[in-house]
Amino acid sequence: MQKRKLGKTVIDVPVLMLGGNVFGWTVNENDSFRLLDAAFDAGLNFIDTADVYSRWIPGHVGGESETILGKWFARSGKRDKVVLATKVGMDMGDGRQGLAPGYIEKAVEASLKRLQTDYIDLYQSHRDDDKTRLEDTFAAFSQLKQRGKVRCIGASNYSGARLREAMEISKVNNLPAYQTLQPHYNLMDRANYESDLAPVVAEYRLGVIPYFALASGFLTGKYRSEADTKDKARGAMVGKYLNDRGFAVLAALDEVARDYESTPAAVALAWLIAQPNITAPIASATNEKQLADLVKATELKLEAGALAKLSEASAPAATSKA
């Protein structure tokens, strides 16, 4: 399986990251263990989660995904063979949110306990916190790095301007800098990343690990009508793609998948892997068939013509040639 560097660090990671948001949400504990074993055996040892997963489910409080991962680490003994990423900053209830130093200190300890580990490979700001000085946030991360609890840090859900400001503040104050960015980016959602964030990523040589890499499942091809979205966990999230542009993208994915004897999901991920500065798209799986598509994507190298076909079909409206 292909490997890439995680930002400017010496950590080698696969070209695809396993999304842990489904663990404890659409995948129960036992099935999560089975999928994690299979993913690891297939070479997918780069895993992303967050403290807030899956607080949005009635009866959940957050931390469910981290807890399952922690149990799997204890059960499998594979912690030192996994590159683990988690996040801090989203609302955990009772005022627990943001990137203030005091909260980061409490949040990281809670994550470490749930994960049953004493270090996190990539600790990410889940979203910007404009109520906390960037200098203070980076000072807190610096302390965590010095104490060996965090190896490197990353950002998610930042604007381009704010990301550039954060990078400059790190440099001026000689504090640890973000090495990765986790943005919303896929064939259907291109405009914001490509126009606002990509220039900053290139300037500071950040590794990019896009989330919603399959557009909430739309790019797998299983949602092709309103009827397909009913009674599914992600159905409400994909309705916005059921339009002429979305159908054009699905048609292009189908054509390229036939040419390469592959699947739309694997092709969509392969397109993303081929984009500049992408380290590893994040994609989750709820069963072995979906996991097989993720593995296929890591082995699939699309030629220039196929990449161009997909890029043209998915071109944002402002840049479309139509």
* Return the residue satisfying two criteria in turn: it lies in region 211-235 and is part of a helix (DSSP H, G or I) and either surrounded by fewer than 17 Cβ atoms within 10 Å (Cβ to Cβ) or modelled with pLDDT under 90 (or both), and of such residues it is nearest to the chain's Cα centre (by Cα). => GLY235
* **Cross-chain or 6+ apart pairs with Cβ under 9 Å, region 167-186 first and assigned to a strand (DSSP E or B), then among the charged types (D, E, K, R) and surrounded by 23 or more Cβ atoms within 10 Å (Cβ to Cβ)** => GLN182/ASP48; GLN182/LYS87
* To do: Please list, ordered by first then second residue, the pairs with beta carbon atoms under 7 Å, 6 or more apart or interchain, first in region 30-55 and within 30 Å of TYR103 (Cα to Cα) and touching a residue at least 24 places away in the same chain (Cβ under 8 Å), second part of a helix (DSSP H, G or I) and of a type in the set (S, T, N, Q).
  => THR49/SER65; ASP51/SER111; TYR53/SER65; SER54/SER65
* To do: Output yes when any residue across region 193-209 is in a helix (DSSP H, G or I), modelled with pLDDT under 95, β-branched (Val, Ile, Thr) and crowded, with 19+ Cβ neighbours inside 10 Å, and no when none is.
  => no
* Asked: Got a sec? Which helices (runs of 4 or more DSSP H) wholly within region 243-302 have at least 3 residues that are at pLDDT 95 or above and surrounded by fewer than 18 Cβ atoms within 10 Å (Cβ to Cβ)?
  -> 244-259, 288-299
* Structure fact -> Filtering region 144-158 down to residues that are in contact with a helix residue (DSSP H, G or I) (Cβ under 9 Å, 6 or more places away or on another chain), touching a residue at least 40 places away in the same chain (Cβ under 8 Å) and not aliphatic (A, V, I, L, M) yields LYS149, ARG151, CYS152
* **Tally, over region 99-124, of residues that are in a loop (DSSP other than H, G, I, E, B) and surrounded by fewer than 22 Cβ atoms within 10 Å (Cβ to Cβ)** => 5
* Read through the list (1) at pLDDT below 95; (2) in contact with an Asp or Glu (Cβ under 8 Å, 6 or more places away or on another chain); (3) over 19 Å from ALA266 (Cα atoms), then give the number of the only condition that THR9 fails. => (2)
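The values are calculated or read from the model by the stated rules, or taken from the named source; none is laboratory data. Remember, predicted model here, so these are calculated numbers, not experimental data. Cβ atoms come from the backbone with ideal geometry, glycine included; neighbour counts cover every protein chain shown.
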